[in-house]
Ligand SMILES: Cc1ncc(COP(=O)(O)O)c(C=O)c1O
């Protein structure tokens with residue numbers, strides 16, 4: 001089969017795919033249909049937490065698939081219950097709602113905030129404040145939450161009730177809190193699609209205080225920056241805040257579709273039977289995979305993420321053609337003098353997969369990438385960024 005030709009003929013052209021058809025992977029290595037090997041520094045956009053076809057992960061998936069693959073949410077299942085218990089124990093949150101994607105995890109977060117405000121202050125308290133340059137998903141509501149007009153074009157009208165304010169500007173958010181009927185505030189602790197920008201610590205802690213003062217539901221979108229990616233289990237833990245709601249997906253299940261919305265004390269009882277739901281949410285196979293991922297995201301692994309992060313920053317900082325490095329843990333954006341697209345193309349030609357975030361080269365390797373491959377990949381990135389710019 002000609003994979004690329006068939007794909008182009010039959011699949012909606014929503015993705016600008018690289019000219020590569022991947023056929024198999026193992027750990028941080030992946031091979032295309034011609035047998036060419038790549039070191040993967042993107043992990044399926046922060047999804048493959050332990051790389052491709054990881055033995056522990058694959059066993060958990062295979063065993064659950066061979067035991068009980070789906071039941072509907074009309075019945076209890078062990079993987080789903082265990083996963084929720086682990087998430088609550090490790091975060092202090094009180095309840096979990098499972099879905100299938102980041103966008104759905106955010107939809108649930110937004111519904112939780114609106115329901116809390118409607119119950120407590122009245123339905124007119126429905127405004128959700130988000131940040132400019134944010135990304136929260138592709139449904140019409142999460143597009144409304146996304147503070148980047150480029151994603152809105154041609155899809156209006158979007159869900160009403162969303163206001164975006166500049167990141168790291170406490171006064172701008174407070175002005176909206178004061179003048180509008182606000183239900184919730186949603187932020188990515190590290191803006192991923194927006195260019196891998198960690199928010200200022202004083203802003204994050206300041207917003208937590210403001211939300212408390214105005215009784216606004218504080219929501220962290222940890223779809224990309226969660227699940228160990230920043231060297232803490234969830235990125236908010238680096239900042240010492242306690243959000244009311246945390247949404248996550250991507251790396252949680254290590255390569256299967258699973259979204260989770262964690263509900264803290266403030267909102268733990270907002271949902272009642274019938275007020276929200278999802279056919280596949282908490283599917284036993286995805287949940288068993290996530291249990292196996294979470295079991296391995298221990299202190300040792302997280303400290304390895306921080307060590308590897310330092311290795312990336314140390315190796316690339318100050319190198320020819322590299323202007324700046326932003327990020328946290330293994331969620332890193334490299335600003336290059338050369339056009340990022342050109343650097344990415346050159347890396348691909350030289351056997352390294354990296355992706356783009358705004359005008360930066362974005363690195364999101366598997367959390368357990370061996371040093372050997374990390375060092376090799378960094379050498380390729382350094383060369384691609386540096387050639388002709390020194
Ligand atoms: C921060 C953030 N939120 C939400 C989403 C949407 O997730 P999904 O594509 O799983 O719906 C993404 C996807 O990139 C994301 O990075």
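What follows is calculated from the coordinates using simple rules that are stated; it is not laboratory data. It should be emphasised that the depicted structure is a prediction, and the values quoted were computed from it without experimental measurement. So basically every Cβ, Gly included, is an ideal-geometry build from the backbone, and we count neighbours across all protein chains shown.
What the Cα atoms of the stretch 42-95 give is an Rg and a Dmax of 13.8, 37 Å. Sequence-distant contacts, meaning Cα pairs under 8 Å at least 6 residues apart, place the relative contact order of the chain at 23 percent.
Extents of the stretch 285-390, taken as max minus min of Cα coordinates on every principal axis and listed largest first, are 48, 26, 24 Å. As I understand it, the value is the acute angle between the Cα axis of helix 371-386 and the longest principal axis of the Cα atoms of the chain; what does it come to in degrees, rounded to 10? In the chain, helix 371-386 runs at an angle near 80 degrees to the longest axis. Remark on the stretch 1-63: hydrodynamic radius 13.3 angstrom, per the Kirkwood mean of 1/r across alpha carbon pairs. Cα axis of helix 340-349 to longest principal axis of the chain: angle in degrees, 0 to 90, nearest 10? That works out to roughly 50 degrees. Take 141-152, 53-64, 271-282, 33-44 and order them by the average number of nearby Cβ atoms within 10 Å per residue, most first; the result is 141-152, 33-44, 53-64, 271-282. Dividing the Cα radius of gyration of the stretch 261-301 by 2.2 N^0.38 Å, with N the residue count, gives 1.56. Across the stretch 1-83, Cα pairs under 8 Å and at least six residues apart give a relative contact order of 17 percent. Distances over 15 Å make up what percent of all Cα-Cα pairs in the stretch 328-382? Cα-Cα pairs in the stretch 328-382 separated by more than 15 Å: 44 percent. In the calculated pair-distance distribution of the stretch 111-152, the portion above 16 angstrom amounts to 43 percent of the Cα-Cα pairs. Each listed q (0.13, 0.14, 0.15, 0.16 Å⁻¹) maps to a log10 I(q)/I(0) for the stretch 226-366, found by the Debye formula over equal Cα scatterers with no solvent: -0.73, -0.81, -0.90, -0.98. With the convex hull constructed from alpha-carbon coordinates only, the stretch 159-199 shows a mean projected area of 3.4 nm² over all directions.
Once the Cα atoms are used to define both axes, helix 55-65 deviates from the longest principal axis of the chain by about 50 degrees.
Max-minus-min Cα coordinates of the chain on each principal axis give 59, 52, 46 Å, with the largest extent listed first. Note: relative contact order over the stretch 68-296, using C-alpha pairs below 8 Å and six or more positions apart, is 30 percent. The stretch 342-390 and the stretch 1-34 have Cα centres lying 20 Å from one another. How many percent of Cα pairs in the stretch 68-296 exceed 27 Å? Summing the P(r) of the stretch 68-296 above 27 Å gives 28 percent of all pairs. Computed per residue of the chain from DSSP H runs no shorter than four, each worth -39500 (n - 2.57), the mean residue ellipticity at 222 nm is -11500 deg cm²/dmol.
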